[in-house]
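**Student:** I am attaching a structure below and will ask some questions about it afterwards.
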Amino acid sequence: MAQPSVFIVGAGGMVGATAAQALAIKETLHEIVLIDVAQDLVHGQAMDINHATAFTNGVHVRAGDYDEIREDDIVVVTCGLAQRPGQSRLELLEANANIIRDVTKKIMAQGKPVYIVMVSNPVDVLTQVALEASGLPKERVFGTGTMLDTARLRVTLANSLGVSQQSVEAYVLGEHGDSSFPALSRASVGGVPLGEFPGFDVSLTATIDQDIRNSAYKIIEAKKSTYYGIGHVVVKVVEALTRDTATVLPVCSLTDGEYGLSDVVISLPSLVSRKGVRILEGYPLSEDEKTHLKVSAEVIKEAYSSLN
Ligand code: NAI
């Protein structure tokens with residue numbers, strides 16, 4: 001496919017602008033188009049980020065609109081209302097679902113298949129809302145899911161064990177929310193099972209689950225929103241699509257029998273490539289992890305069905 005443009009809807013905001021900036025300095029795209037209802041804000045963000053590209057190979061960053069979207073472009077959706085201190089992600093649901101339905105119709109008005117990458121919360125439910133509203137095949141609509149939670153897990157494990165983050169292979173799976181769980185039974189460090197890694201102490205896993213799930217709340221309490229981590233998550237997803245890397249990422253997409261789940265959007269290890277997303281079957285989960293996954297799926301299903 002020709003080099004796609006990346007559109008970011010909600011790019012006036014912290015997450016969208018940070019994702020745009022992170023993508024721009026990677027220099028792998030030719031054009032990033034920013035869309036937001038807040039027109040002054042999004043023009044300001046585009047100018048500011050574009051100035052940073054003077055020191056790169058010249059990715060073009062500009063404000064634009066839905067009618068410029070073309071076949072196979074990538075549309076990252078970060079618009080909507082952000083989580084307030086003490087507010088759960090699911091409480092954001094109603095308001096953001098209406099915004100996402102409206103935005104998806106505008107994205108699809110040009111009538112050609114695109115890729116939609118959902119970031120707005122609650123990301124699992126809103127991915128399903130966008131999938132349904134778009135009429136696109138399920139491979140083309142997915143969300144960042146538990147990628148940020150996974151990044152937090154890897155950084156925490158790496159720091160505790162004194163190794164680089166890239167040496168840690170471990171996933172947080174399930175809902176991007178309170179019922180997520182670290183699937184540590186198959187976690188490894190440099191190819192060594194986590195439990196056998198020199199210096200590993202079992203007490204590390206006792207608190208890690210809670211620490212990771214609480215970290216979003218802690219950051220929001222301290223600085224109102226989180227955006228640097230998710231900005232780089234967007235880069236990783238966009239690169240997997242544009243470079244056709246078939247990278248295994250814990251993104252959320254619609255299940256169709258995988259892991260005993262159907263009709264629910266949830267994060268599982270998945271391949272992301274030019275074909276879009278495909279859930280990786282056969283990732284070994286312990287009995288305990290399978291139970292966590294089922295519980296998480298029920299939480300998401302209940303939230304999604306509350307919309308219908
Ligand atoms: P923000 O409030 O800074 O930005 C939201 C932007 O969306 C604003 O610029 C607003 O004008 C725009 N917007 C609102 N309605 C719109 C519409 N109908 N069309 C186009 N633009 C519209 O919020 P922030 O901090 O950037 O967060 C954005 C979303 O990302 C939230 O839902 C937040 O919960 C989510 N998020 C997701 C993460 C993840 O891991 N999936 C991590 C961090 C945030």
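The values are calculated or read from the model by the stated rules, or taken from the named source; none is laboratory data. Keep in mind the model is a prediction, meaning the values are calculated, not measured. A quick note on method: Cβ atoms are made from the backbone with ideal geometry, for glycine too, and the neighbour counts reach across all protein chains shown. We work out accessible area using only protein heavy atoms, side chains counted, and drop any ligands, DNA or RNA first. Shrake-Rupley method; radii C 1.70, N 1.55, O 1.52, S 1.80 Å.
**Student:** Can you give me the accessible area per residue for the chain, using a 1.4 Å probe, in Å²?
**Tutor:** Value returned for the chain: 44 Å² of accessible area per residue.
**Student:** In what sequence, highest mean first, do 34-41, 199-206, 65-72 appear when ranked by Cβ atoms within 10 angstrom?
**Tutor:** Packing order, densest peptide first, comes out as 34-41, 65-72, 199-206.
**Student:** By average Cβ neighbour count within 10 Å, what is the ranking of 157-165, 6-14, 298-306 from highest down?
**Tutor:** 6-14, 298-306, 157-165
**Student:** Determine, from the Cβ-Cβ distance of Glu91 and Asp256 and an R0 of 41 Å, the FRET efficiency 1/(1 + (r/R0)^6), rounded to the nearest 0.05.
**Tutor:** So the FRET efficiency works out to roughly 0.90.
**Student:** Based on DSSP, what percent of beta bridges with both residues in the chain are antiparallel, to the nearest 5?
**Tutor:** The answer is about 50 percent antiparallel.
**Student:** Ignoring everything except DSSP H segments at least 4 long, calculate the 222 nm mean residue ellipticity for the chain; use -39,500 (n - 2.57) per segment, divide by total residues, nearest 500.
**Tutor:** -13500 deg cm²/dmol
**Student:** Exceeding 32 Å between C-alpha atoms, which entries from my cross-link table qualify? They are Lys106/Lys224; Lys218/Lys301; Lys112/Lys294; Lys223/Lys275; Lys236/Lys294.
**Tutor:** Lys112/Lys294; Lys223/Lys275
**Student:** Here's another thing I want to ask about it. Say a paramagnetic label sat at a point 7 Å from the Cα of Glu302, along Cα to Cβ; which residues of the range 252-270 have their backbone N under 19 Å from it?
**Tutor:** It comes to 261-267, nothing else.
**Student:** Between beta-carbons, use under 12 Å as the cut-off and find the net charge around Glu258, counting Lys and Arg +1, Asp and Glu -1.
**Tutor:** Combined, the nearby Lys, Arg, Asp and Glu give -1.
**Student:** Taking amide hydrogens as modeled 1.01 Å from N in the peptide plane, which residues meet the under 5 Å criterion relative to Thr247, leaving out close sequence neighbours?
**Tutor:** Distant-sequence amide H within range of Thr247: Val272.
**Student:** Right, something else. On the first, second and third principal axes, largest extent first, how far apart are the outermost C-alpha atoms of the chain in Å?
**Tutor:** Over the chain, Cα extents along the principal axes are 52, 47, 40 Å.
**Student:** How many percent of the accessible area of the chain is carbon or sulfur, using a 1.4 Å probe?
**Tutor:** 51
**Student:** Excluding same-chain residues fewer than 8 positions from Lys105, which lysines have a Cα within less than 19 Å of its Cα?
**Tutor:** List returned: Lys138.
**Student:** Follow-up question, since we're still on this one. For the range 131-237, compute Rg over Rh where Rg is the Cα radius of gyration and Rh is the Kirkwood radius from the inverse mean 1/r over Cα pairs.
**Tutor:** 1.02
**Student:** Please sort 97-108, 277-288 by packing, taking for each peptide the average over its residues of neighbouring beta carbons within 10 angstrom, highest first.
**Tutor:** Order by mean packing, descending: 97-108, 277-288.
**Student:** Of all DSSP beta bridges in the range 64-212, what percent run antiparallel (nearest 5)?
**Tutor:** In the range 64-212, DSSP labels about 50 percent of beta bridges as antiparallel.
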